[in-house]
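Single-structure report; data block below.
The values are calculated or read from the model by the stated rules, or taken from the named source; none is laboratory data. In this text the structure is predicted, and so the values were computed from the model without any measurement. Here the Cβ is made from the backbone with ideal geometry for all residues, glycine too, and neighbour counts use every protein chain on show. Side chains are part of the model used for accessible areas, which takes the heavy atoms of the whole protein and leaves out ligands, DNA and RNA. Shrake-Rupley method; radii C 1.70, N 1.55, O 1.52, S 1.80 Å.
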Amino acid sequence: MPAVSLSCRVCATDHPLEANGSCSRCFGPLDPVYDWDHLRATVSRESIAAGPASLWRYAALLPVEAPEVARLAPGFTPLVPAPRLATALGIGELWLKLDTANPTHSFKDRVVAVAARKAQELGFETLSCSSTGNLAGAVAARAAAEGLDAVVFVPSDLEPEKLAGAAVYGPKIYTVNGTYDHCSRLTVELSFELPWGFVNVNLRSYYAEGSKTIAYEIAEQLGWEAPDAIAIPIASGALFHKVGQGFSELRSIGLIDQPAPRLFGGQAEGCQPVATAFRDEVSVQPVRPNTVARSLAIGNPADGDFAVATARETGGAIYAVAEEAVGENMALLAQTTGVFGETATGVTLGALRAAIAARELGPRSRVVLLVTGDGLKTPQPVAHTYNPVPIEADADAFIDQVIAA
Ligand SMILES: Cc1ncc(COP(=O)(O)O)c(C=O)c1O
Ligand SMILES: [Zn+2]
């Protein structure tokens, strides 16, 4: 058994490995507990390298058994160098972690793969979630691959491209009159009434662990080294917190020697509860989101305070990025690397630029930027880059009027 129990992150009370999203004593989040002595004795670079080219190569460090037949397995996404962007930004080395290569083009396929495994272990037949868009697609695709039903709850103002990208897999989609936070509260209430596996509610402890695999992969792909820093987008804060946890775990089982990388988080100005809490050194206060970065529009982030703590522990920071900069950064990334990241990535690049402007990172830094979602799902902020020149299909006229001019 890979994990032995769930433990409350706040009061350390133990809970069984069931569908249970929060501590019965203090409502704190629950994390799986592993037998670290056993893992230290059994997990090695070689045992990982012998595994499949997907996140299931790290199954020993996840709270579920790897599936016997892995359908549409996410993970082990490319880590590619971005020398032109590194030069433009003035940092020594920049790598892009392309989670757009996952089955539904976002990192959410990782968290859903782990949660869905647990849902199947527990016998749930319906997979559900509240979502800012990408999660809905990931849940719908996973359900289609596994033969489960999918029911997703999203705010009604999501990008049409994102909704179409989820609808095609055949889930039941409910568009909620309200923000993501209304969807989230609704699913928490429904989770007490319905026998469904809500991936980010009653299965959240398992779901969140999927994000650790990004840390494992970055370390392995850099030859079992930690970079100096990683730039990460923040919505609920779970991804940010779990990437930090992933690096601590690698150190504790002796797979890397360096300290954990400094983690730099980004939020858009129109929804920056975690960046504000970091800046003002207070606990996270809920806000009402109004941002172009819809995938990050969580006003009441469940793991916000833990993300702030992770930023401080790793010597990183969390920045708010101007709304106008989101599209500019998406275009800058595309034009210097050939990678079209979504709005969340525009925010992530904004956070990296803020860290460089603050001289936290410079010519000696080796940095990884997470590309967690695909720009084809959120093209609106870069619509201004489309300025075609109309011409006739006439080569002489083209040479005369365009080339010679
Ligand atoms: C593309 C993308 N990046 C990052 C995030 C942030 O993830 P988290 O809620 O774990 O902070 C999301 C969340 O929906 C997302 O869709
Ligand atoms: Zn507790």
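A compact table of results
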quantity	calculated
Within the stretch 356-373, tally of residues that are in contact (Cβ under 8 Å) with a residue 12 or more places away in the chain and either among the polar types (S, T, N, Q) or open to solvent by 20 Å² or more (accessible area, probe 1.4 Å) (or both)	8
Test set (1) free of Cβ contacts under 8 Å to residues at least 40 places away in the same chain; (2) open to solvent by 30 Å² or more (accessible area, probe 1.4 Å); (3) over 19 Å from Gly147 (Cβ atoms) - Val168 fails condition number	(3)
Residue that is within 16 Å of ligand 1 (Cβ to nearest atom) and open to solvent by 20 Å² or more (accessible area, probe 1.4 Å), where the choices are Pro81, Pro29, Pro67	Pro29
Residue in the stretch 380-392 that is in a loop (DSSP other than H, G, I, E, B) and of a type in the set (D, E, K, R) present	yes
Meets criteria (within 16 Å of ligand 1 (Cβ to nearest atom) and over 16 Å from Ile218 (Cα atoms)) for Ala50	no
Of residues in the stretch 97-121 being among the aliphatic types (A, V, I, L, M) and surrounded by fewer than 23 Cβ atoms within 10 Å (Cβ to Cβ), the one nearest to Val199 (Cα to Cα)	Ala101
Whichever residue in the stretch 250-277 is polar (S, T, N, Q) and under 19 Å from the mean Cα position of the chain (by Cα) and, among such residues, is surrounded by the fewest Cβ atoms within 10 Å (Cβ to Cβ)	Gln272
Filter pass, Val243 being in contact with a helix residue (DSSP H, G or I) (Cβ under 6 Å, 6 or more places away or on another chain), more than 16 Å from ligand 2 (Cβ to nearest atom) and either more than 23 Å from Ala138 (Cα to Cα) or modelled with pLDDT under 95 (or both)	no
Listing of helices (runs of 4 or more DSSP H) fully contained in the stretch 236-333 that carry 3 or more residues being under 21 Å from Val111 (Cβ atoms)	238-252, 304-313
Of the criteria (1) open to solvent by less than 20 Å² (accessible area, probe 1.4 Å); (2) more than 26 Å from Glu360 (Cβ to Cβ); (3) out of contact with any Leu (no Cβ under 8 Å at 6 or more places or on another chain); (4) among the small types (Gly, Ala, Ser), which one Gly197 fails	(3)
